[in-house]
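The values are calculated or read from the model by the stated rules, or taken from the named source; none is laboratory data. From a predicted model like this one, the values you see are computed outputs, not experimental measurements. Positions of Cβ are backbone-derived with ideal geometry, glycine not excepted, and every protein chain shown enters the neighbour counts. Remember, those area values only see protein heavy atoms, side chains included, never the ligands or the DNA or RNA. Shrake-Rupley method; radii C 1.70, N 1.55, O 1.52, S 1.80 Å.
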Amino acid sequence: MAACVCRVELSVSCRSLLDRDLRSRSDPLCVLLQDVGGGRWAELDRTERVKNCQNPEFCRKLVVDYYFEKVQKLKFGVYDIDNKSFDLNDDDYLGGIECTLGQVVSSSVFTRPLELKQGKPAGKGTITISAEEIKDTRVVYLEIEAQNLDKKDFLGKSDPFLEFYKQSDAGMWQLVYRSEVVIKNNLSPCWRKFSVPLQTFCGGDFNKPIKVQCADHDSDGSHDLIGAFETNLSQLQEAGDGSLVEFECIHPEKKQKKKSYKNSGIIRIKSCKIETEYSFLDYVMGGCQINFTVGIDFTGSNGDPKSPDSLHYISPDGINEYLVAIWSVGSVVQDYDTDKLFPAFGFGAQVPPSWQVSHEFALNFNPSNPYCQGIQGIVDAYRQILPQIRLYGPTNFSPIINHVARFAAHSAQQGTASQYFILLIITDGEITDMDQTRQAIVNASKLPMSIIIVGVGEADFKAMEFLDGDNGVLKSLTGEPAARDIVQFVPFRQFKNAPREALSQTVLAEVPKQLVSYYKWQGWPPVKPPEVKMM
């Protein structure tokens, strides 16, 4: 496995984007994709959407691992977003570029013309990318309110939001944070607590100048400046434990014109704290074990395993889609589990000796010890069980999800970041117990657990995409929302002609974020935290 040299964050801005909206300007978002081989691209990250703007400066940084020894081909795509769907296929493409990460990191500023396709310019649109190495894992948490801001709207009060800028070594101001929530009709707003990585906020320099702007939000993108002030992190840190740090919000033009002008309001820093944010590697290297469990669909819709048309048919070269999925995902995950003992289960088949339908049977027919030795052990158990069971139905996911969740719940009671659970479900079709599965996932979202679903065959997988939660927060039948997104669904057919590692890279891409989000939510550091090297 290649050693990651470092992580870099990419700042992205665009100029002169195409205008795809009839009555307003485009609402751009930038997505970052990486070449995973075989002509396939996997999404790494995306920025926020900026409304009504043809010259966006994206606030959200794109983070990517940088490997000096690899040529990392990247694709930046800019889209006009007109809906809430995570899927970009139904959004207008405003242009993109292909380059390598090496080209970006070796340039202080990397600017290229956007293209709709190779050789076809996207009007006069350009994209500018700058890279910065992430050397510091600390995070700044801020709570801010304001008092008596100027009224900017004719028919109502102002709709204020904040923007923070850091000063680059060249003296330029670079946007590092924009408050997501605009507070409507309020001249004394209290913004929601927010966080910014210390590296992004000030490059780790507590005395680096920071400019804070407060503006009145207008839906057409022509925001009006209320006022601004300059400070640094050292000053902001004086806030907390009941003591406020106050700044006058100054509008430069008003100050110049009116001798009696005092300010356009007061910005008050209620709290400024700096905490360490741990990475996936911090947890793994600090002693977190990743426990891998497999659930295999043995329902009748797969077809008779003896028939070449069956999804369970093992070809003369010894493989089928189920086996490729097990190998692809398991070969990566097994490196993070010391004992290499993996529970493996089947569901939806009649099993001997009673021939009752079971939705949670051990592949080795040993319910008290369902563990297989390594990924090869799972493969061997799968091959041995195929002739001994009868494929049946229905397709119920909830029993096996609840099974793994019981182990995850037991681990969570220890209150340490010592064990995380990954359940791989490989299935050929629609879920029968959708309501129970939704509830099981919502329950599991509060536990140290992720679920990967690989869909094999040519079925309609709309239900799986719904469970993935990319189009909004998954909710149970009673309306209870998932605490976090823990499901990743991938249809195998998209990877039939791609290298085997392309499938594993795509299905496992979300796991590090999911693991970190769980432990961050719980407030649990790694079992053995890394030594913090202050800059």
Restricting the search to the range 466-476, which residues are at pLDDT 90 or above and surrounded by fewer than 16 Cβ atoms within 10 Å (Cβ to Cβ)? Lys475
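Given the residues Lys151, Lys157, Lys120, which is the only one that is touching a residue at least 12 places away in the same chain (Cβ under 8 Å) and over 17 Å from Ile250 (Cα atoms)? Walk me through how you get there before you give the answer.
Values: Lys151 fails: over 17 Å from Ile250 (Cα atoms); Lys120 fails: touching a residue at least 12 places away in the same chain (Cβ under 8 Å).
The unique qualifying residue is Lys157.
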So Phe292, is it over 27 Å from the mean Cα position of the chain (by Cα), hydrophobic (A, V, I, L, M, F, W, C) and in the same structural domain as His312 (by the TED database): no
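Out of the residues in the range 149-200 that are among the β-branched types (Val, Ile, Thr) and at pLDDT below 90, which is most open to solvent (accessible area, probe 1.4 Å)? Don't jump to the end; show me each part of the working.
We begin by selecting, within the range 149-200, every residue among the β-branched types (Val, Ile, Thr); these are 176, 181-183, 196, 200.
Within this subset, residues satisfying the condition of being at pLDDT below 90 are 181-183.
Working: Val181: 66, Val182: 37, Ile183: 32 Å².
Across the range 149-200, the extreme among qualifying residues is Val181.
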Give the residue that is most open to solvent (accessible area, probe 1.4 Å), with candidates limited to residues of the range 339-396 that are of a type in the set (Phe, Trp, Tyr) and in contact (Cβ under 8 Å) with a residue 60 or more places away in the chain. Tyr392
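When you check Tyr278 against the structure, is it touching a helix residue (DSSP H, G or I) at 6+ places or on another chain (Cβ under 8 Å), farther than 23 Å from Asp339 by Cα and among the aromatic types (Phe, Trp, Tyr), yes or no? Spell out how you get there, then give the answer.
On the way: touching a helix residue (DSSP H, G or I) at 6+ places or on another chain (Cβ under 8 Å): yes; farther than 23 Å from Asp339 by Cα: yes; among the aromatic types (Phe, Trp, Tyr): yes.
Yes; evaluated as a whole, the condition is true for this residue.
Just a yes or no: is a residue in the range 68-80 of a type in the set (Ser, Thr, Tyr), open to solvent by 50 Å² or more (accessible area, probe 1.4 Å) and farther than 30 Å from Ile274 by Cβ?
No, every residue in the range 68-80 fails to be of a type in the set (Ser, Thr, Tyr), open to solvent by 50 Å² or more (accessible area, probe 1.4 Å) and farther than 30 Å from Ile274 by Cβ.
Return the residue satisfying two criteria in turn: it lies in the range 207-224 and is among the small types (Gly, Ala, Ser) and either open to solvent by 40 Å² or more (accessible area, probe 1.4 Å) or in contact with a His (Cβ under 6 Å, 6 or more places away or on another chain) (or both), and of such residues it is farthest from Arg49 (Cα to Cα). Working first, answer last.
Applying the first criterion (among the small types (Gly, Ala, Ser)) to the range 207-224 yields 215, 219, 221-222.
Subset that is either open to solvent by 40 Å² or more (accessible area, probe 1.4 Å) or in contact with a His (Cβ under 6 Å, 6 or more places away or on another chain) (or both): 215, 219, 222.
Details: Ala215: 18, Ser219: 13, Ser222: 16 Å.
Taking the candidates together, the pick is Ala215.
Given Ala502, Ala498, Ala509, which one is hydrophobic (A, V, I, L, M, F, W, C), in a helix (DSSP H, G or I) and modelled with pLDDT under 85?
Details: Ala498 fails: in a helix (DSSP H, G or I); Ala509 fails: in a helix (DSSP H, G or I).
After applying the criteria, what remains is Ala502.
Which of the following residues is on the phi > 0 side of the Ramachandran plot and assigned by the TED database to the domain that holds Leu508: Gly374, Gly346?
Numbers: Gly346 fails: on the phi > 0 side of the Ramachandran plot.
On inspection, the qualifying residue turns out to be Gly374.
Each row is one residue, and each column tells you yes or no for (1) of a type in the set (Gly, Ala, Ser); (2) over 19 Å from Ile269 (Cα atoms); (3) not assigned by the TED database to the domain that holds Leu233.
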residue	(1), (2), (3)
Glu145	no, no, no
Tyr165	no, no, no
Gln174	no, yes, no
Ser188	yes, no, no
Ser195	yes, no, no
Ile210	no, no, no
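Tell me, yes or no, whether the range 318-328 has at least one residue that is of a type in the set (Phe, Trp, Tyr) and either free of Cβ contacts under 8 Å to residues at least 24 places away in the same chain or part of a loop (DSSP other than H, G, I, E, B) (or both).
no
Which of the following residues is hydroxyl-bearing (Ser, Thr, Tyr) and in the same structural domain as Cys30 (by the TED database): Ser107, Ser158? It would help to see each step written out before you state the result.
Working: Ser158 fails: in the same structural domain as Cys30 (by the TED database).
Selected residue: Ser107, the only one of Ser107, Ser158 that is hydroxyl-bearing (Ser, Thr, Tyr) and in the same structural domain as Cys30 (by the TED database).
Conditions (1) surrounded by fewer than 19 Cβ atoms within 10 Å (Cβ to Cβ); (2) β-branched (Val, Ile, Thr), marked per residue:
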position	(1), (2)
Leu10	no, no
Asp19	yes, no
Leu29	no, no
Val36	no, yes
Arg40	yes, no
Glu43	yes, no
Val50	no, yes
Asn55	yes, no
Which residue, of Ala444, Ala409, Ala417, Ala405, is under 31 Å from the mean Cα position of the chain (by Cα), surrounded by fewer than 22 Cβ atoms within 10 Å (Cβ to Cβ), touching a residue at least 24 places away in the same chain (Cβ under 8 Å) and under 27 Å from Ser331 (Cα atoms)? Ala409
Given Tyr392, Tyr382, Tyr420, which one is among the hydroxyl-bearing types (Ser, Thr, Tyr) and over 18 Å from Gly346 (Cβ atoms)? Tyr420
Selection over the range 480-513 where residues are buried (at least 21 other Cβ atoms within 10 Å of the Cβ), in contact with a Lys or Arg (Cβ under 7 Å, 6 or more places away or on another chain) and not small (Gly, Ala, Ser) yields a count of 0
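For Gly203, state whether it is over 21 Å from Ser271 (Cβ atoms), surrounded by 15 or more Cβ atoms within 10 Å (Cβ to Cβ), in contact (Cβ under 8 Å) with a residue 24 or more places away in the chain and touching a strand residue (DSSP E or B) at 6+ places or on another chain (Cβ under 6 Å).
So Gly203 does not fit the description; no.
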Quick one: in the range 427-441, which of the residues that are open to solvent by less than 10 Å² (accessible area, probe 1.4 Å) and β-branched (Val, Ile, Thr) is nearest to Gln289 (Cα to Cα)? Ile441
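Would you mention how many residues in the range 210-225 are within 19 Å of Lys166 (Cα to Cα) and out of contact with any helix residue (DSSP H, G or I) (no Cβ under 7 Å at 6 or more places or on another chain)?
Of the range 210-225, the ones within 19 Å of Lys166 (Cα to Cα) are 210-215, 225.
Adding the requirement that they be out of contact with any helix residue (DSSP H, G or I) (no Cβ under 7 Å at 6 or more places or on another chain) leaves 211-215, 225.
Number of matching residues: 6.
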If we only count strands (runs of 3 or more DSSP E) wholly inside the range 120-231, which ones have 1 or more residues that are of a type in the set (Gly, Ala, Ser)? 120-134, 138-147, 194-197, 210-216, 224-231
Can you tell me which condition Glu143 does not meet? The list is (1) under 16 Å from Ser13 (Cα atoms); (2) open to solvent by 30 Å² or more (accessible area, probe 1.4 Å), and all the others hold. (1)
